[in-house]
Amino acid sequence: MLILQRKKGEALSINDNITLTVMDTGTDWVKLAIDAPKEIPVLRTELKEAVVENQRAAETVPKEILEEMLKQNK
């Protein structure tokens, strides 16, 4: 893990196609701007964890029930 200290307005680059810029800071938060290609997903960690959890939950449901739920939502 690399730990860097940046001030408001300063940035860092990852490879040639991703830039992180510090937009604002508070006592216990930081606002970042992320410039990355559209094909690179950028998700907050809690959203990524929720996606994994939902996928695991879906794997435990029988296929027939999932198909019936899809039919009802159409």
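Matching the structure-derived Kirkwood radius over Cα pairs in Å against the labelled list (i) 12.7; (ii) 16.0; (iii) 13.4 gives the label (ii). Of the solvent-accessible surface of the chain, computed with a 1.4 Å probe over protein heavy atoms with every protein chain present, carbon and sulfur atoms account for 54 percent. The phi torsions of region 13-24, fed into the Karplus equation with coefficients 6.51, -1.76 and 1.60 and a -60° offset, translate into couplings of 10, 10, 6, 9, 10, 10, 10, 10, 10, 7, 8, 6 Hz, rounded to whole numbers, with Gly and Pro shown as x. Between the Cα long axis of helix 45-59 and the first principal axis of the chain there is an angle of about 20°, rounded to the nearest 10.
The C-alpha atoms of the chain define a longest principal axis, and helix 63-72 lies at about 80 degrees to it. Placing pseudo-labels 7 Å out from each Cα toward the beta carbon at Asn73 and Lys31 gives an inter-label distance of 3.4 nm.
The values are calculated or read from the model by the stated rules, or taken from the named source; none is laboratory data. Bear in mind that the values here come from a model prediction, so they are computed numbers and not experimental data. Every residue, glycine as well, gets a Cβ built from its backbone with ideal geometry; the counts of neighbours run over all protein chains shown. The accessibility values were calculated without ligands, DNA or RNA, using every heavy atom of the protein model including side chains. Shrake-Rupley method; radii C 1.70, N 1.55, O 1.52, S 1.80 Å.
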